[in-house]
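For reference, the structure is listed below as structure tokens.
The values are calculated or read from the model by the stated rules, or taken from the named source; none is laboratory data. Values in this document were obtained by computation on a predicted structure and should not be read as measured data. Glycine gets a Cβ as well: all are built from the backbone with ideal geometry, and neighbour counts include every protein chain shown. Only protein heavy atoms, including side chains, enter the accessible area calculation; ligands, DNA and RNA are left aside. Shrake-Rupley method; radii C 1.70, N 1.55, O 1.52, S 1.80 Å.
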Amino acid sequence: LSVEGFYKQLQKLVGQTASETGSVGGVTYNNNGDGRVYGMEVLFRYKPDDRFFGWVAYTLSRAERRLKPEDPMTLFIWDQTHILTLIGSYKLGNGWEAGARFRYVTGRMNTPNVGGTYDYDAGSYSPIPQIPINGTRLPSFNQLDIRIDKAWKFKGWSLAAYLDILNVYYRKNPEGVSYNYNYTKSEIITGLPILPVIGLRGEL
């Protein structure tokens with residue numbers, strides 16, 4: 001069992017302010033931003049024996065940033081409060097082995113668009129972001145993967161076949177948000193569905 005804490009200070013992050021000098025894009029870039037990342041990780045690892053090995057890892061963290069020193073700290077887009085991983089593998093005998101992995105991660109921060117304005121120069125709609133920035137989260141990520149191996153040993157070499165099944169219970173994990181042409185409707189984009197993978201591996 002191990003417990004570790006971490007802290008990282010971020011300085012001179014790139015920020016921007018409205019420009020009065022007519023610069024490209026109407027903004028002036030600076031290095032006034034700062035931030036911090038801190039948290040702890042707990043790892044419990046089972047000492048491998050002849051048949052079983054496995055471990056559980058949990059991370060509790062917080063990532064904050066701001067563009068100006070006088071602004072309050074806000075959660076960064078990649079903040080992930082909870083990260084949990086469980087892994088285990090068991091040797092069944094006669095060359096057979098079965099394992100599983102479960103993962104849970106807090107959804108990343110998100111800034112919804114509340115509509116759009118038509119840009120006649122570009123000929124398309126521009127989004128209107130909701131205030132405050134990163135005020136909501138996408139749904140959490142969780143997934144179970146399983147693996148079955150079968151090994152054969154020959155004189156001077158070995159052969160193994162395996163079956164991986166990713167996302168066993170077909171969790172529609174969120175990857176992002178997609179909007180229609182004028183940002184009045186949205187839907188969550190999901191990742192890969194259940195995915196079986198079969199393979200062979202030979203070793204000398």
Inset, instruction - Quick one: among GLN16, GLN143, GLN130, which has the greatest mean-square fluctuation in a GNM of the chain with alpha-carbon springs under 10 angstrom? - result: GLN16
Inset, instruction - Give the carbon-plus-sulfur fraction of the accessible surface of the chain in %, rounded to a whole number; probe 1.4 Å, heavy atoms of protein chains only. - result: 58 percent
Legend entry - DSSP loop chymotrypsin sites (Phe, Trp or Tyr not before Pro) with at most 12 other Cβ within 10 Å: longest gap in the chain: 1-77
Inset, instruction - In nm, give the distance between the simple-model label positions of ARG137 and ILE189, each being 7 Å from the Cα along the Cα-to-Cβ direction. - result: 2.2 nm
Legend entry - For region 141-194, the Rg and Dmax computed from alpha carbons only, in angstrom: 19.7, 67
Legend entry - Computed lengthening from LYS47 to GLU203, 0.36 nm per intervening residue step minus Cα-Cα distance: 53.5 nm
Inset, instruction - Please list the non-local residues whose amide H lies under 5 Å from the amide H of THR81, H modeled 1.01 Å from N, same-chain partners needing a gap of 5 or more. - result: THR106
Inset, instruction - First measure r as the distance between the Cβ atoms of TYR181 and GLU64, then evaluate 1/(1 + (r/R0)^6) with R0 = 35 Å and state the FRET efficiency to the nearest 0.05. - result: 0.50
Legend entry - Reach of LYS172 by Cα under 28 Å, taken over lysines that are not fewer than 8 positions away in the same chain: LYS185
Legend entry - Rg/Rh ratio calculated on Cα atoms of region 32-115 (Kirkwood radius): 1.23
Legend entry - Cα radius of gyration and Dmax for region 92-204 (Å): 22.8, 74
Inset, instruction - Could you do me a favour and compute the accessible area per residue for region 145-204, 1.4 Å probe, result in Å²? - result: 74 Å²
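Quick one: of LYS8/LYS47; LYS8/LYS68; LYS91/LYS155; LYS91/LYS150, which pairs are farther than 20 Å apart, Cα to Cα? Could you put the intermediate results ahead of the total?
Values: LYS8/LYS47 31 Å; LYS8/LYS68 18 Å; LYS91/LYS155 22 Å; LYS91/LYS150 10 Å.
Violating the 20 Å limit, Cα to Cα: LYS8/LYS47; LYS91/LYS155.
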Legend entry - GluC sites (Glu not before Pro) restricted to DSSP loop in region 22-94 with at most 14 other C-beta within 10 Å: GLU70
Legend entry - Difference of contour (0.36 nm per residue) and Cα-Cα distance, ALA160 to TYR104: 17.2 nm
Inset, instruction - Along each of the three principal axes of the Cα atoms of the chain, give the extent in whole Å, ordering the values from largest to smallest. - result: 77, 41, 30
